[in-house]
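Each reported figure results from applying straightforward, stated rules to the coordinates on display, with no laboratory input. Being a predicted model, the structure only gives us computed values, none of them experimental. Using ideal geometry, Cβ is built from the backbone for each residue, glycine included, and neighbour counts are taken over all protein chains shown.
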Amino acid sequence: MTNSISTPDTSDTPIRVRIAPSPTGDPHVGTAYIGLINYLYARQRDGKFVLRIEDTDRTRFVATSEQEIFHSLRWLGLTWDEGPDLGGPYGPYRQSERTEIYRQHVELLLANGTAYRAFETPEELEALRQRQIAAKLPPRYDGGHRQLSQLQIDAYLAEGRPFVVRMKVPAGQTTFRDELRGDITFDHNNVDDQVLMKSDGFPTYHLANVVDDHLMHITDVIRAEEWISSTPKHVLLYNAFGWAIPRFWHMPLLRNLDKSKISKRKNPVSLIYYRQAGFLPEAMINFLGLMGGGMPAPTAELTPAQPAATKSSETDIFTLPDMVTRFDVKNIRLGGPVFDLTKLKWLNGEYIRALTPEAFYKALRDTILSDAYLQQIAPLIQTRVETLGEFGNLTHFLFADDIMPPSEVFIPKKRTIEDALAFAAEQLTVLEATDWTHEALEPALKQLGEAQQWSVKENFMLLRAILTGSTMSPPLLESMIVFGKSRTLDRVRRFLETQKKLANTKK
RNA sequence: GGCGUCAUGGUGUAACUGGUUAACACGCCGCCCUCUCAAGGCGGAGAGUACGGGUUCGAUCCCCGUUGACGCUACCA
């Protein structure tokens, strides 16, 4: 069987696009990037921009994440027309509230034979994978329970044995059109019998995204390139339901300096970080608009007599409304753009300098010098100053961007630099995984210290040195909480990164 | 390993989709301004368009191959 699709005739159906972030952590720059493209696409066509929360992974769910996503997107000016907070005609917009819908749709697939129940345990599947890897075979579900007899299925069901529902991928191949690249074909040998519904009753991304996109009348799926490989599964699902297929646009992935997919280990990716570190939303959204092209050069309409528009202000600097009028999806470049902090900072500087003195002052008061921030800091130092003028002596590290302790400050006596750096890396891992509260941080760090035979003093001193640049500071944990998780983690990562470079140049 | 995608200076982009000394911005270097540092102004180095073949009078642009990078290969998204 061969599936091939043509672009649906949606010329007179209203354009509807969506972003579907997953509330599994801090809001991500990649979400903002894809959000921006979707936003522009909708605004340019009088379409609707929908926000849908993909919270089907209960193991990675982070309770505060959804609010942070809302906040960050609004901060950037990417406002949506329908979403969990706004409602809309095709809600609910939170997938965890749509489980009954998915369950019904899975029944449909089970009934028409395009899906089946599989009863293997995760352990069995892992064992299968190991065997395949050992035999140098591509790790893939072997379709073991594809032809379970009805008798067998009923027996398992009667036992109450947990099961997943898998897609029954037929032989053949699927071709779909990517609006930016043209036709892409996958042989079904390379398409797994994907799990559609997990044993906890929640759908996987693949099922939920297809069902929701259809039910929400999404006309254009604009998402990141990493989804190309699973698009055949989605096409197969649309076909299994007998639904029309939306247009697919796969945007290039944002990259680290080394060209790998952007990641927190190598680059700040949290939008919270950028907000707290004092980046202006105008600069951030402008910078994102620079990624992947899409903004045509403004020189086209100039006559030769005029000097070409060579000022950076005419080529690299533009607002969100500018993008709505000028951005062109057909101009998008497919090479993965490096998210270059250096240029972002330059751009941010341009925006800061363009502010009126009043606006600049207000920006400071709204962020780095906000009452809320200062109010949290004050109690940390009250007993430690003798004059108010000493405020800065003790809080410098909370207002500075570059903190780098000299080696004699951060290396504990009786420890080598290698030990200290290795332990700091462990601290980073622990901090990443810990809730940002005193009650969670203290035992987590102490536990690490015990495991590695580091005294509490050595342990906390090292972290203090990294964060404050000094051996003397307000209480460590409280300071970290005030400073914020994303900036604290960034500081530790930058410390490790710098020390690694230093070590390399010494060799 | 398999499958897929991509490829213009260090980085982001431009080059009427075949005709340019390959342009602009960031970064870097130098000079000017200046009490310092920024900002600003001026100038400079840095790619011959991953490589190799075609097609063409002519390829950054079209075709093929190679290489490299990246992504996917989960009861994660």
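Computed from the C-beta positions of A:ILE417 and A:THR342, the FRET efficiency with R₀ = 22 Å rounds to 0.20.
From most to least packed by mean Cβ count within 10 Å, the peptides A:410-416, A:357-363 give A:410-416, A:357-363.
Taking 18 Å as the cut-off, the amide N atoms of the stretch A:335-353 that come nearer than this to a point 7 Å along the Cα-to-beta-carbon line of A:ASP402 belong to A:341-350.
Compared with the dominant Cα axis of chain A, that is its longest principal axis, helix A:371-381 is turned about 50°.
A:ARG45 to A:ILE184: extension gain in nm, 0.36 nm per residue of separation minus the Cα-Cα distance? The partial results should precede the final answer.
On the way: separation 139, 0.36 × 139 = 50.04 nm, distance 2.63 nm.
Length gained between A:ARG45 and A:ILE184: 47.4 nm.
What the Cα convex hull of chain A gives, in volume per residue, is 216 Å³. Extension gain, A:GLU386 to A:ARG353, is 8.2 nm, computed as 0.36 nm per intervening residue step minus the present C-alpha separation. Residue separation of A:LEU137 and A:LEU364 scaled by 0.36 nm, minus their Cα-Cα distance, works out to 75.9 nm of gained length.
Taking the Cβ-Cβ separation of A:MET472 and A:SER96 as r and a Förster radius of 60 Å, what is the calculated FRET efficiency to the nearest 0.05? Each step should come with its number before you reach the end.
Details: r = 47 Å, r/R0 = 0.79.
Given R0 = 60 Å and the Cβ-Cβ separation, E is 0.80.
Note on chain A: dipole from Cβ charges, positive end direction compared against A:ILE368, A:SER455, A:ILE218; the farthest Cα belongs to A:SER455.
Just so you know, the Cα atoms of the stretch A:168-303 work out to an Rg and Dmax of 18.9, 65 Å. Ignoring lysines fewer than eight residues from A:LYS261 along the same chain, the ones with Cα atoms less than 25 angstrom from its Cα are A:LYS233, A:LYS330, A:LYS343, A:LYS345, A:LYS485, A:LYS500, A:LYS501. Computed on the Cα atoms alone, the convex hull of the stretch A:401-506 gives a volume of 94 cubic angstrom per residue. Summing charges over neighbours of A:PRO84, with a neighbour being any other residue whose Cβ is under 10 Å away from its Cβ, gives -3 when K and R count +1 and D and E count -1. A:GLY336 sits among other residues whose Cβ lies under 12 Å from its own Cβ, and their net charge, with Lys and Arg +1 and Asp and Glu -1, is +1.
If R0 is taken as 30 Å, the Cβ-Cβ distance between A:ALA444 and A:ASP85 corresponds to a FRET efficiency of 0.40.
For the stretch A:2-109, trypsin sites (Lys or Arg not before Pro) are listed when DSSP marks them as loop and at most 13 other Cβ atoms sit within 10 Å of their Cβ; the list is A:ARG58, A:ARG60.
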